[in-house]
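The values are calculated or read from the model by the stated rules, or taken from the named source; none is laboratory data. None of the values given here were measured: they were computed from a predicted structure. Backbone-built Cβ (ideal geometry, glycine too); neighbour counts: all protein chains shown.
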């Protein structure tokens with residue numbers, strides 16, 4: 001089965017048919033670097049990271065380009081407030097972006113161009129559009145003339161007359177039509193500028209992505225992605241100026257991810273209802289964040305709350321707990337157990353691929369993973385709680401494969417459960433057991449079990465349980481975790 005993906009342009013799922021056999025060229029709109037990234041940025045990054053990983057898993061050679069917008073009104077305003085050059089500000093937040101994304105396990109783009117490094121090419125494209133009659137200068141600005149692009153609105157599926165009714169020309173603007181958009185902006189006092197045939201100024205927002213994508217992927221490429229808030233006007237304008245310049249269709253598939261919401265409202269800096277990635281990762285492991293976000297199909301909105309993140313954490317704990325119990329427990333072929341585990345793993349692998357082929361449906365794929373985990377747990381119970389290495393291997397292998405696509409299961413199970421948990425007390429804090437005290441009691445319990453003093457071992461387990469400490473005995477020893 002071919003990969004099917006939902007194309008915003010056509011509003012339907014379509015088979016992926018790339019321009020070059022075996023190769024995917026993909027461009028995703030990146031961040032404007034004037035502040036720390038929030039959870040909405042994390043969702044977009046993780047969505048396209050997984051799409052990129054899965055296409056690679058399917059055998060495609062993926063060229064992935066994701067840009068930085070490093071000059072715009074917000075950047076200029078913040079640099080002015082801080083009394084620093086915009087280059088210093090953007091360099092700082094590009095660095096912070098990489099720290100966040102590295103922490104989340106998001107692979108870096110093959111190419112990460114910055115707008116300010118491509119000003120000359122933007123000027124060339126604008127000149128070309130003027131020469132073709134698709135753009136016009138006015139008072140130091142340059143505007144795209146949407147009347148020269150009859151297909152305007154084809155991505156957002158908006159009626160042109162309705163759009164025009166919602167826009168107006170502001171005083172002092174040199175627009176001919178309210179919907180005409182800026183390709184070049186004349187500089188204002190104390191703003192950074194570049195020299196151009198129309199005077200000193202800087203590029204409009206939309207032109208940068210047309211230039212950078214075509215610079216690295218060509219004037220036709222396969223996939224363009226971003227958040228659903230970019231459909232209009234940003235991506236609509238990109239299409240108009242790109243196809244107006246190149247004279248042909250530009251992008252085959254448009255993919256857009258849904259919002260992260262707080263109290264059913266889109267998370268955004270302008271609303272002030274956002275959580276930075278750094279603040280979320282301060283008390284939540286990155287894999288939990290990924291697991292939470294991937295538990296909803298990428299096109300649907302996802303509501304963020306402590307409760308749903310806690311549920312995701314517990315779900316991921318269950319899967320890591322299975323991995324722990326599948327740990328090495330001695331040699332042996334496993335015979336019938338190995339055959340049945342392999343059958344279950346192969347069946348899950350096929351269901352996982354089917355879900356991901358269907359518009360990268362990570363929510364369904366994770367549902368299949370839990371089904372497989374239940375089957376693997378059943379086999380473990382039948383075997384008395386431990387399987388020979390060869391019998392456990394197919395399950396462990398398929399977990400690693402899935403983890404490679406979803407960015408999960410990168411920890412050894414023992415390491416995973418050693419991570420700090422929300423509300424974990426310091427030693428003796430509020431009368432609760434600290435980590436060292438827990439470890440000491442577990443060591444005493446282990447010694448008691450070796451002496452076959454099971455009464456003492458059970459007493460210690462009960463003491464720990466009363467303190468909210470859960471124990472899990474496995475082939476490689478005892479691990480513990482605090483009840484969430």
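Per the listing 308, 231, the residue uniquely at pLDDT below 95, under 27 Å from residue 6 (Cβ atoms) and in a helix (DSSP H, G or I) is 308. If you go through the stretch 46-57 one residue at a time, do you hit one that is touching a strand residue (DSSP E or B) at 6+ places or on another chain (Cβ under 6 Å) and surrounded by fewer than 20 Cβ atoms within 10 Å (Cβ to Cβ)? The answer is yes, given that some residue of the stretch 46-57 is touching a strand residue (DSSP E or B) at 6+ places or on another chain (Cβ under 6 Å) and surrounded by fewer than 20 Cβ atoms within 10 Å (Cβ to Cβ). For the stretch 9-24, the tally of residues that are assigned to a loop (DSSP other than H, G, I, E, B) and either without any contact (Cβ under 8 Å) to a residue 40 or more places away in the chain or within 30 Å of residue 92 (Cβ to Cβ) (or both) stands at 3. Listed conditions (1) touching a strand residue (DSSP E or B) at 6+ places or on another chain (Cβ under 9 Å); (2) in a loop (DSSP other than H, G, I, E, B); (3) surrounded by fewer than 23 Cβ atoms within 10 Å (Cβ to Cβ) are all met by residue 364, apart from (2). Those strands (runs of 3 or more DSSP E) of the stretch 59-163 in which at least 2 residues are at pLDDT 95 or above and under 16 Å from residue 201 (Cβ atoms), considering only elements entirely within it, cover 135-138, 141-144. On inspection, residue 297 qualifies as surrounded by fewer than 23 Cβ atoms within 10 Å (Cβ to Cβ) and closer than 30 Å to residue 319 by Cα.
Within the stretch 281-301, does at least one residue satisfy the condition of being modelled with pLDDT under 95, over 19 Å from residue 406 (Cβ atoms) and not assigned by TED's automatic domain parsing to the domain that holds residue 406? The answer is yes, given that some residue of the stretch 281-301 is modelled with pLDDT under 95, over 19 Å from residue 406 (Cβ atoms) and not assigned by TED's automatic domain parsing to the domain that holds residue 406.
Would you pick out the residues in the stretch 76-134 that are touching a residue at least 24 places away in the same chain (Cβ under 8 Å) and on the phi > 0 side of the Ramachandran plot? Hit for the stretch 76-134 is 105, nothing else.
The condition of being assigned to a loop (DSSP other than H, G, I, E, B), within 29 Å of residue 97 (Cβ to Cβ) and modelled with pLDDT of 95 or more holds for only one of 6, 34, 27, that being 34.
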